[in-house]
Structures are given as C-alpha cells and as structure tokens.
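Please read the structure below before turning to the comments.
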C-alpha cells in the first residue's frame, strides 16, 4: 500500500509543478500571445542548460544514495550533507558561468536574468532526499501553498503583452520558495554534519556518470525550442512549448511510477532481493502500458478541439502537434520503467547513459532537416524518433534479464481497447462544437469505453494492483 500512496503523492507533486503554468495557459496565451509565450519558452530553454550543469546528475544520484543508506541515520545524515554541499558548490559555479553568458548577451537580456532564479532554486532543491526516503507527502503539501500563491500572483499582476517579465519572475521565484519550504523538515530526519568527516568530492564522479544522461534528456526538453528559435522563429518555439507542456502534464501521471520505484528497487537491490526487483518491474511495466496507451489515444482523439479551446484561436495549429507527439507518452513511459526503475537503481548506468545519448544524437541530427522542411511539426517528429530509439535500445539491452514477452503480455488488449476508444471519441470530436461540456463528455465517454473493454478482455492488471496494495 505504501508504494500506491507514494505513487499518488508523486503524481500530485509532478502534476503540481506542471499545473501552475498549465492552469494559466488559457489566460497567458491570450494575454501574452505567441511572441510572449515564445520569449518565455526560449529563455527558459537556455537557462535549463545552466541549471543542468549545476545539478550534475545529483537529483537522481542523491535519490539513489539516500535509498541505499536510509536505514542508518548517521550514514544518511552524512550522505545528505556531502551531496547537498556538492550541489551548492556546483550551482554556484553554474551561476557564475551564466553571468558571463549574460554579460555578452544582447537579445532578451532582462528575461534571461529573471529566469536565472531557477538556477538559484536548484541549490536548495532537496526533494531528492525525501524521495530517497520514500516520503513524497511533504514535497506535495509544502509546495501546494507556494504554487497557489503563484497562481494568484499571475492572474493579479500579468495583465498585458508587456508583462512577459513579470510572468517569468513569478514562475522562477515561486520555484525558489517552493524548494526552500522543504528545509524545515530536515531536523527531524537529519543530524548536524560532522564537518571534519565530510567527503564531498567522492560524490562528484558517480554523479557525473549520471550527468551525461541528464544532458541528453535535457536535449529533448530544451534543444528543440532553442533550435526552433534559431531555424524558424520564437513563435514556433512557443507553439512547441505549449504542446509539450500538455503532453508532459499527462506524462507526469505515467512517469511518477519511476520516481517512486527507483528508491524502493534500489533498497531491494542493496539487500540482494533480486526476485522481488523483477516482480515489481513486470508489474510496473504492465501498469504503465495500461495507463499510457489510453492517454495517447485520448489526446490524439480530442486534440482537434482541445488546442483552440484550451490555448485560444492563435494556438489552433497546436492540434496537429499534439497528435504527432502523443505516442511519446507510451515511449517515455516504457523507457522510464526500464531506465529509472531498473538500470539506474541496479547501477547499470552505462547502458542507461548510452540509450539517452543515442536518443539525443538522433534528436539533433533529425532536427535540422525536419525543422527546415516542416518547421515545428518537424521538431515534433524528431522528438518522436529520438524517444523511439531510446526505448528500443533499452529493451534490446535487458532482453536477457527480463522476458520481453512477459513485459508485453497484455499489450494487444490495451491497444485494442485504446484504438476502439480513439475511433469513437474522434468521430464525436470532429462532429461536435467546441465547448467545455463537450470535451468533458468526450473524455468520460472515452474512459467508459476503455474501462469497459478492459473488463471484457481481462488483462492481469487487477491482480497486480492487489499485489501492490499488499
């Protein structure tokens, strides 16, 4: 039952992070317009590089190391302070590098500065510690208050297309405050550091090993917007950003299993419980298939009406982007299970790194000709191709450890149910007027069709959920 609760908390945490900007999208898209949205997307994509350099793989590494040592308070405390101090040092170096970048930057300079609070926020992000303890409740509850305040600030202070800077500043400062709210919980679970015993540098090399895959992963998130800015326009970057935001919100529900299971499997692996590790992996993989497939078909089915209704008429072209990007939900969901839930907690870091680097290379190579030929639609196709490469490579590498046929045992049942849902909902969608009640009705109809089909086809999902509750 603890795993199920942690999953729900982590879904809440990830959705909360994405929900603040996404809830404001219908308002912001109309107030700031495509250009204002593009400025935010473009400057944020560049800031992401500095933030990534500052965290140097610590988020995943810290999560795993705390999971290994969580049953020993003394070791856990010492490990926390060593990793956190390393994070502060590396973030400081990254911020100094950013200031050099800003000095020579002439375009969008003030907006880059406002975004830089995201870098500072990275120094105080200790969510990895609580995730390593499998304590996800605190991160959700404490951040909820800050996110609600930021929502109020956005609707109160962002009034015209000239308020792009205000909007960026609200988002970045709220991230900093959200990270700071976790610190008051530390005294209950962490002792004061024994300064002369701290060995900070020993964590640098293993965290750097996880830095490479994080660089590659960031390419999926940021380089598309940066390349669209340079090869097409800042407006195209805005279109991509809004489509990607919606897909990532849905993905938060799917990939939350990875964040929850990583420390749990790492702890099982540390205690040499290999059989249980595999059992959880099969269950998690099946669950992700059951959730990601209907979400993929669902987004594609309602995209035609969803984009102009949610983002506004200026963003109507986002509908085709949503349809192209929708299969990414399945692909990232599967690679998340293999990578985050098996390769990383069991220290197969090289295989994980190779997979995401291959995906990043595919992304960059495909981006140039596809963006030049098809613009933002080309960038979406490149994203899809890169995620396909990652998933296929990871499946190939684990074929001797995990039984592929067992992983996909219920795949056809989920696909059949999802496809049936897609056909019926898509027909309703293209023949209906765009309205809030209409979209809600389509979502409910799709859900009922999928669940009804699942009950008829009887995959092993229900038994698996009962096992997790135990």
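Bear in mind that the values in this text are calculations on the coordinates, not laboratory data. Treat the numbers as computed from the prediction; the structure is a model and nothing was measured. All Cβ positions, even for glycine, are placed from backbone atoms using ideal geometry, and neighbour counts span all protein chains on display.
Overview of results
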read-out	value
Residue list for the stretch 335-357, given a label point 7 angstrom along the Cα-to-Cβ vector of residue 401 and an amide N cut-off under 12 Å	338-353
Gained length - residue 208 relative to residue 99, 0.36 nm times residue gap less alpha-carbon distance	36.9 nm
Residue 107/residue 463 FRET efficiency (R0 60 Å; Cβ-Cβ; nearest 0.05)	0.55
Gain in span if fully extended, residue 272 to residue 75, counting 0.36 nm per residue against the direct Cα distance	69.0 nm
MRE, 222 nm, helices only [DSSP H, n ≥ 4, -39500 (n - 2.57), over the chain, to nearest 500]	-27000 deg cm²/dmol
Taking 196, 161, 348 and counting other C-beta atoms within 10 Å, the order from fewest to most	196, 161, 348
Full-extension gain in nm, residue 137 to residue 364, via 0.36 nm per residue minus C-alpha separation	77.9 nm
227, 144 arranged by Cβ crowding within 10 Å, fewest neighbours leading	144, 227
Prolate/oblate/rounded call for the stretch 2-469, Cα gyration tensor, a/c under 1.5 rounded	oblate
Exposure proxy ranking, count of Cβ atoms within 10 Å, fewest first, for 427, 164, 291, 158	427, 291, 158, 164
Residues of the stretch 315-354 with amide N under 15 Å of the 7 Å Cα→Cβ point at residue 30	315-316
Separation of alpha-carbon centers, the stretch 174-198 and the stretch 51-122, rounded to whole Å	14 Å
